[in-house]
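Q: Sharing a structure below in structure tokens format, with a few things to ask.
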Amino acid sequence: MSFEKLGLEARLLGAVAAEGYTAPTPIQAQAIPVILAGRDVMGGAQTGTGKTAAFALPILQLLGKGEKGRLPRALILTPTRELAAQVAESFRAYGRQTPLRTAVIYGGVGINPQIEQLRRGIDILVATPGRLLDHAGQGTLNLSNVEILVLDEADRMLDMGFIPDIRRIFKLLPAKRQNLLFSATYSNEIKTLADGLLHNPELIEVARRNTAAETVTHVVHPVGHTRKRELLSHLIKGGNWNRVLVFTRTKHGANRLTTQLISDGVSAAAIHGNKSQSARTRALDDFKNGAVRTLVATDIAARGIDIDSLPHVVNYELPNVPEDYVHRIGRTGRAGASGSAVSLVCAEERELLTNIQKVLQHKIQVEIIAGFEHDSAAMTKPAPAPNQFGRRQDNGVKKSFGSRPSGKPARPQGGRGCQRNK
Ligand code: AMP
């Protein structure tokens, strides 16, 4: 399959070649002709499948020639600022040889430059819902010319509580338009949203729900919670990892780990919701251009981060929600590139690991690192049976893993020590 066969015009083929793409990904091969034909699409595809180009290329072609002083004709809604910025970047890159203009608007930054940009006229608007409604409310945005609407990562929008905002935005759009919805998962709520939005859509699904990219190797390194940071520095330095995305559960944990890595001689930056937008953008840029080798992120901040060639993702702490594991490692092994997903797992996290393996439908290989054998013993030995008081017989401390006397699920925070990195 080649891009030429999909019906794309020469200037877009030139842009695709300039990006170094030699063949369309499965979602591109299926979606591009359907979108060019003007049909609605329900796309089941997660980040990393090439879904952005799958909608951006045909939209650029459908919009044809841009005209100065235009109101937006394509609107792309995304759940996060990072994803909005990346989608806009993709439109600009693929549309380099067209006169079409793309603007991106999201919260957390000044509204005036956005107003100015809208006033000058644009063809494609990429936005997060809240800021879009701010503009619409104060009359600085007119959506009455929108011909194509894209909901990107609709499942994430739902998780983040954006659906009421999105429904309000629908009311600002002309009734007759082409609608494209992309989502990594198909819940009943997504189906309800799609039923109300899409007309006779073409259903395109390229990755099964909750399957992680097959090009990613997964490995678990057992380690005591107090030695995680030591092991991480050892892996990064020993393996000469120059670009590694590390996930922590909390913003505070991300800051602390970043400071510690720097004191270990490993350059690092943190990205999370407490950082200003400019600090987040700077951290991401430094990471992309190689100025820092380690980016430490929380789940929310990392959503939609698109980094070409990200060979290593590390779960410094396992996520509480197993599906987040899939989202995290979706950052590596993109578009067929190989990647490694390394999880540093302490004894208190065994139950979280079990749940993740259930979602993946396979066990993750355990690899013991020399010097950390003692830690591994604690991690791999069976959980001691609780006595009648629900206390462990080995040390008298009730832990949040293993069989639980109450039959209740374990505390989700994974035990006190797992969060601490000394
Ligand atoms: P996305 O799923 O849209 O976030 O894209 C994931 C990554 O795949 C991005 O870094 C794109 O630049 C890259 N990509 C998209 N399409 C292709 C393609 N046809 N060949 C190679 N890489 C691609």
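The values are calculated or read from the model by the stated rules, or taken from the named source; none is laboratory data. This one's a predicted model, so the numbers in the text were calculated from it and none came from an experiment. Every residue, glycine as well, gets a Cβ built from its backbone with ideal geometry; the counts of neighbours run over all protein chains shown. Remember, those area values only see protein heavy atoms, side chains included, never the ligands or the DNA or RNA. Shrake-Rupley method; radii C 1.70, N 1.55, O 1.52, S 1.80 Å.
Q: For Arg167, only one of the following conditions fails: (1) over 18 Å from His327 (Cα atoms); (2) open to solvent by less than 40 Å² (accessible area, probe 1.4 Å); (3) assigned by TED's automatic domain parsing to the domain that holds Val126. What is its number?
A: Unmet condition: (2).
Q: Right, another one. Any idea which of Val150, Val146, Val104, Val87 is modelled with pLDDT of 95 or more, more than 25 Å from the chain's Cα centre (by Cα) and within 29 Å of Ala10 (Cβ to Cβ)?
A: Of the residues listed, the single one that is modelled with pLDDT of 95 or more, more than 25 Å from the chain's Cα centre (by Cα) and within 29 Å of Ala10 (Cβ to Cβ) is Val146.
Each row is one residue, and each column tells you yes or no for (1) open to solvent by less than 10 Å² (accessible area, probe 1.4 Å); (2) near the ligand (Cβ under 7 Å from one of its atoms); (3) under 14 Å from Arg96 (Cα atoms).
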site: Arg11; (1), (2), (3): no, no, yes
site: Tyr21; (1), (2), (3): no, yes, no
site: Pro33; (1), (2), (3): no, no, no
site: Arg39; (1), (2), (3): no, no, no
site: Gly50; (1), (2), (3): no, yes, no
site: Gln61; (1), (2), (3): no, no, yes
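Q: Check Thr22 against each of (1) closer than 19 Å to Ile204 by Cβ; (2) without any contact (Cβ under 8 Å) to a residue 12 or more places away in the chain; (3) of a type in the set (Val, Ile, Thr) and name the one condition it does not meet.
A: (1)
Q: From the list Ala103, Ala85, exactly one residue is open to solvent by less than 10 Å² (accessible area, probe 1.4 Å) and either among the aliphatic types (A, V, I, L, M) or away from the ligand (no atom under 16 Å from the Cβ) (or both). Which is it?
A: Checking each option against the conditions leaves just Ala103.
Q: Here is a list: Thr281, Thr250. Which entry is assigned by TED's automatic domain parsing to the domain that holds Cys346 and under 24 Å from Glu349 (Cα atoms)?
A: Unique residue meeting the criteria: Thr250.
Q: Right, another one. Identify, from the list Arg96, Arg92, the residue that is open to solvent by 20 Å² or more (accessible area, probe 1.4 Å), under 24 Å from Ala10 (Cα atoms) and out of contact with any strand residue (DSSP E or B) (no Cβ under 6 Å at 6 or more places or on another chain).
A: That would be Arg96, the only listed residue that is open to solvent by 20 Å² or more (accessible area, probe 1.4 Å), under 24 Å from Ala10 (Cα atoms) and out of contact with any strand residue (DSSP E or B) (no Cβ under 6 Å at 6 or more places or on another chain).
Q: Which condition number does Ala54 fail, the rest of (1) within 11 Å of the ligand (Cβ to nearest atom); (2) open to solvent by 10 Å² or more (accessible area, probe 1.4 Å); (3) farther than 14 Å from Gly95 by Cβ being met?
A: (2)
Q: Does the stretch 256-275 hold any residues that are open to solvent by 40 Å² or more (accessible area, probe 1.4 Å), modelled with pLDDT of 95 or more and either among the β-branched types (Val, Ile, Thr) or within 16 Å of Ala302 (Cβ to Cβ) (or both), and which are they?
A: Hits for the stretch 256-275 are Thr259, Ile262.
Q: So, one more: Could you check the stretch 243-264 and list, in sequence order, the residues that are in contact with a Lys or Arg (Cβ under 8 Å, 6 or more places away or on another chain) and closer than 15 Å to Val342 by Cα?
A: Residues satisfying the conditions are Arg243, Val244, Leu245, Phe247.
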